[in-house]
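Trainee: Next up is a structure, given as structure tokens.
Where a number appears in this text, it was derived from the coordinates with a stated rule and is not lab data. Source: prediction; values computed, not measured. Here the Cβ positions follow ideal geometry from the backbone for every residue, glycine too, while neighbour counts run over all protein chains shown.
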Amino acid sequence: MSAELVADFEKRFASSATIRAALRCPIERAGVTVLFGPSGGGKTTVLRCLAGLERPDSGRITFGDDMWYDAAQGVSVPPQQRGVGLLFQEYALFPHLTVAGNVGYGMDHRHAQNAKEQVREILARMRIEQLADRYPRHLSGGQQQRVALARTLACRPRLVLLDEPLSALDAQVREQLRGELRKLLFELAQPAIVVTHDRTEALALGDAVVVMIDGRTIQAGAVHDVFSHPRDPSVARVVGIETVVPGAILEVADGLATVQVGTAQLMAMSPAHPVRNVVVCIRGEDVILEREQVGQTSARNRLPARIVSRTAEGPMVRIGLECGFALTALVTRPACDELNLRIGETITVLIKAPAVHLVPHD
Amino acid sequence: MDTTAIWLTVRLATWTTVILLFLGLPLAYWLATTRRWWRFAIDAAVALPLLLPPTVLGFYLLVGLGPNSAPGRFYEALVGRALPFSFAGILLASVLYNLPFAVRPFAAAFAAVERRLVEASWCLGVSRAATFFRVVVPLAWPGILSGMVLAFAHTVGEFGVVLMVGGNIPGVTRTISIAIYDDVQALNYERAAHSALLLLVFAFTTLCVAYALERRSVRI
């Protein structure tokens, strides 16, 4: 078994709900664990407890063989000794230091020459070497984000914790940095935990996801698994997408992409920055089921499918389908009765190209 | 002008400021960051000299440190002379009396430093003490400087406490404000006028510097 961060603790607040977190994430190789959930659910508190800035009230946190926190033994390792990099939501750059000063802040100044070299290297990697002598107040939001990230990564922490790393940016910059962030973490072989309330961000950045709602970590697992198979209605509501599967773009023409998903091929709108690997997201209500072949249709995707499950959910019925990949459809109960849908039967699936959302995931 | 009194006053103010710097910075940082509930009591104790008449503080110091008290006897046995009516005596009195003028600006400046910056520093592996000197002090320096300026200036203008504890011994405890009082009593109005003008100009200049620093700290 490879080394892991294992956390299981409780943090009580006088004024608000108790935070109860149980999570684990690999720490030996690159990999992004996303802590996902609506705002105000306690995600930031969990990060602060992991960083050592906040002390839980009970439970324990271990990092590989190191004990970071143990309520029973009264152990709480201070942040300085955890070797964790924390990226604050508002970046928290030191206003009295230049970009180079910020990035080199945590480095060992007994080897000044060495530190200077390292600062130059990380600035170059983040493509911000031209900003080295500027002060934070003269930087744009996107630039500040890069500097803060460079500062966090510069000391080669054993684990980085990123708190809503992209939320303070405008949409265009956010999309661009999202791809870069994941690439960077993998180039540096840097394990990371990312907090986000943004579904797309979770899908684009994460390998594993931990869903946190109302102060509780409710479900954890591979991103596709958790999004496609929410454990209960609260998770389903938060993830909001019934089908999440990995795919690969085969070709892009006229703004439309052909994607290989499982053994099937789908047509979808091409993402703004085309990449090869994507996460394919399809909402259950966008999937149309039909019995008889209609002559012509505007839906670009028409697939034969086998019905594998049928679950009633109030006025809706959730239909599990196998059409080269696992697909979920949500249909009304009358429609389900009318079509007489039965497990094991074959049916035709229609999905419009714009209903197939592609999230880049290289 | 009474140069002996001026020189003595400058010495007293400088020592008071230096001691308050070493005493006040940790105290102010504790006040600015602690979450202990009894913090308010320490806050009040520090602010006490703002409301207390100087004679009250002087009276307690005189009684508490005089030759008839245990601390007074201890000091006398250690140094060989009594604390009241000595330079050390008025220095102690002036440090206590000026505590709020140094500590309150220090604490306000520390409280204005974003907590997150301190935490960011800790997470980058930098110790608490090093964080204080590398992040907190550089960001709070205008407030620290203005506290020092105020403490210095207030010591220069101190009258009641110094008179109570130190009396009026030329070259030992006779500061410039006491010299002015003396000159007026002796109807030496010309010398009193010179000293008074000097203090007026000094006080105004000091306040200009302090307020300019405050504006600067707001901008950062």
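Trainee: Most fluctuating residue of B:Leu51, B:Leu96, B:Leu31 in a GNM of chain B with Cα springs under 10 Å: which is it?
Mentor: B:Leu51
Trainee: May I ask you to list the aspartates and glutamates whose Cα is less than 19 Å away from that of A:Lys116, ignoring any residue fewer than eight positions away on the same chain?
Mentor: Output for A:Lys116: A:Asp108, A:Glu129, A:Asp133.
Trainee: Something else now. Using the crude model of +1 on Lys and Arg Cβ and -1 on Asp and Glu Cβ, and no other charge, please compute the dipole size for the stretch B:62-152 relative to its Cα centre, in debye to 20. It would help to have the intermediate numbers written out before the result.
Mentor: Numbers: 7 positive and 3 negative charges, 18 e Å.
So the magnitude is around 80 debye.
Trainee: Another question about this same structure. If Lys and Arg each add +1 and Asp and Glu each add -1, what is the summed charge of the other residues whose beta carbon sits under 12 Å from the beta carbon of A:Leu53? Don't skip to the answer; put the middle values down first.
Mentor: Working: positive: A:Lys11, A:Arg48, A:Arg55, A:Arg82, B:Arg115, B:Arg116; negative: A:Glu54, A:Asp163, B:Glu119.
Summing Lys and Arg as +1 and Asp and Glu as -1 gives +3.
Trainee: Kindly state, as a whole number, the per residue volume in cubic angstrom of the convex hull around the alpha carbon atoms of the stretch B:102-220. Intermediate results must be reported in sequence, preceding the final value.
Mentor: Details: hull volume 13.6 nm³, N = 119.
Spread over its residues, the Cα hull of the stretch B:102-220 gives 114 Å³ apiece.
Trainee: Sorting A:Cys25, A:Cys336 on the 10 Å Cβ count, fewest up front, what's the list?
Mentor: With the sparsest Cβ surroundings first, the list reads A:Cys336, A:Cys25.
Trainee: What are the extents of the Cα atoms of the stretch B:4-47 along their three principal axes, listed from largest to smallest and rounded to whole Å?
Mentor: 47, 16, 9
Trainee: Using the C-alpha atoms of the protein assembly as shown, what convex hull volume per residue, in cubic angstrom, is computed?
Mentor: 218
Trainee: Compute the projected area of the convex hull of the Cα atoms of the stretch A:45-160, averaged over all viewing directions, and report it in nm² to one decimal place.
Mentor: Projected over every direction and averaged, the Cα hull of the stretch A:45-160 covers 8.2 nm².
Trainee: Please report A:Thr243, B:Thr14, B:Thr206 as a ranked list, fewest other C-beta atoms within 10 angstrom at the top and most at the bottom.
Mentor: Ordered from fewest to most neighbouring Cβ atoms within 10 Å, A:Thr243, B:Thr14, B:Thr206 come out as B:Thr14, B:Thr206, A:Thr243.
Trainee: Here is a further query. Tell me, how many Å apart are the Cα centres for the stretch A:273-324 and for the stretch B:156-220?
Mentor: Using only Cα atoms to place each centre, the spacing works out to 87 Å.
Trainee: Given charges of +1 on the Cβ of Lys and Arg and -1 on the Cβ of Asp and Glu, with all other atoms neutral, how large is the dipole of the stretch A:63-137 about its Cα centre, in debye to the nearest 20? Each step should come with its number before you reach the end.
Mentor: Working: 8 positive and 9 negative charges, 79 e Å.
Result for the stretch A:63-137 is approximately 380 debye, rounded to the nearest 20.
Trainee: Among B:Val126, B:Val18, B:Val184, which one shows the biggest mean-square fluctuation in a GNM of chain B, springs joining Cα atoms closer than 10 Å?
Mentor: B:Val126
Trainee: Follow-up. Can you pull the mean other chain C-beta count within 10 Å for peptide A:84-92?
Mentor: Values: counts 3, 4, 6, 2, 6, 1, 2, 2, 9.
Per-residue shielding by partner chains comes out at 4.
Trainee: May I ask which residue of A:Ala326, A:Leu153, B:Tyr181 lies farthest towards the positive end of the charge dipole of the protein assembly as shown, with charges of +1 (Lys, Arg) and -1 (Asp, Glu) on Cβ and the Cα centre as origin?
Mentor: In the protein assembly as shown, that residue is B:Tyr181.
Trainee: So how compact is the stretch A:4-233: Cα radius of gyration and Dmax in angstrom?
Mentor: 17.6, 56
Trainee: If the cut-off is 30 Å between C-alpha atoms, which lysines fall inside it for A:Lys43, apart from same-chain ones fewer than 8 positions away?
Mentor: Leaving aside lysines fewer than 8 places away in the same chain, those within reach of A:Lys43 are A:Lys11, A:Lys183.
Trainee: For the stretch A:204-211, in order, what is each residue's ³J(HN,Hα) by Karplus, 6.51 cos²θ - 1.76 cosθ + 1.60 with θ = phi - 60°, in whole Hz (x at glycine and Pro)?
Mentor: So the Karplus estimates, Gly and Pro as x, are 6, 9, x, 9, 10, 9, 10, 8 Hz.
Trainee: Would you tally the net charge around B:Leu25, using a Cβ to Cβ cut-off of less than 15 Å, leaving B:Leu25 out, and scoring K and R as +1, D and E as -1?
Mentor: Cβ neighbours under 15 Å give a net charge of +3.
Trainee: Turning to a different aspect of this structure: Count neighbours as other Cβ atoms within 10 Å of each site's Cβ, and list the chymotrypsin sites (Phe, Trp or Tyr not before Pro) in the stretch B:1-54 that are DSSP loop with at most 14 such neighbours. Display every interim value, and only then the final one.
Mentor: Details: sites: B:Trp7, B:Trp15, B:Phe22, B:Tyr29, B:Trp30, B:Trp37, B:Trp38, B:Phe40; in loops: B:Trp37, B:Trp38.
Sparse-neighbourhood loop chymotrypsin sites (Phe, Trp or Tyr not before Pro): B:Trp37, B:Trp38.
Trainee: Still on this structure: Taking each pair of different alpha-carbon atoms in the stretch B:127-166 once, compute 1/r for the pair, average those values, and report the inverse of that mean as the Kirkwood hydrodynamic radius in Å to one decimal.
Mentor: About 12.2 Å, per the Kirkwood formula over Cα pairs.
Trainee: Tell me, A:Met316, A:Met212 in order of fewest to most beta-carbon neighbours within 10 Å?
Mentor: With the sparsest Cβ surroundings first, the list reads A:Met316, A:Met212.
Trainee: Evaluate the Kirkwood expression for the hydrodynamic radius of the stretch B:26-112, namely the inverse of the mean inverse distance over all pairs of different C-alpha atoms, and round to one decimal in Å.
Mentor: That comes to 14.4 Å for the stretch B:26-112.
Trainee: Show me, bin by bin at 10 Å from 0, the whole-percent P(r) of the stretch A:189-323 based on Cα pairs.
Mentor: 9, 36, 35, 17, 3, 0
Trainee: Between the stretch B:7-78 and the stretch A:45-117, what is the C-alpha centre distance in whole Å?
Mentor: Value for the Cα centre distance between the two parts: 38 Å.
Trainee: Is there a quick way to get the dipole size of the protein assembly as shown? I mean about its Cα centre, with the Cβ of Lys and Arg at +1 and of Asp and Glu at -1; what is the value in debye to the nearest 20?
Mentor: Its charge dipole is roughly 700 debye.
Trainee: I've got another one for you. Rounded to whole Hz and in sequence order, give me ³J(HN,Hα) for the stretch A:328-342 from the Karplus expression 6.51 cos²θ - 1.76 cosθ + 1.60, θ = phi - 60°, writing x for Gly and Pro.
Mentor: Once rounded to whole Hz, the list reads 10, 10, 10, 10, 6, 5, x, 4, 4, 5, 4, 6, 6, 6, 10.
Trainee: Same structure, new question: For the stretch A:270-362, just the Cα atoms, rotate onto the principal axes and tell me the three extents in Å, largest first.
Mentor: 43, 31, 21
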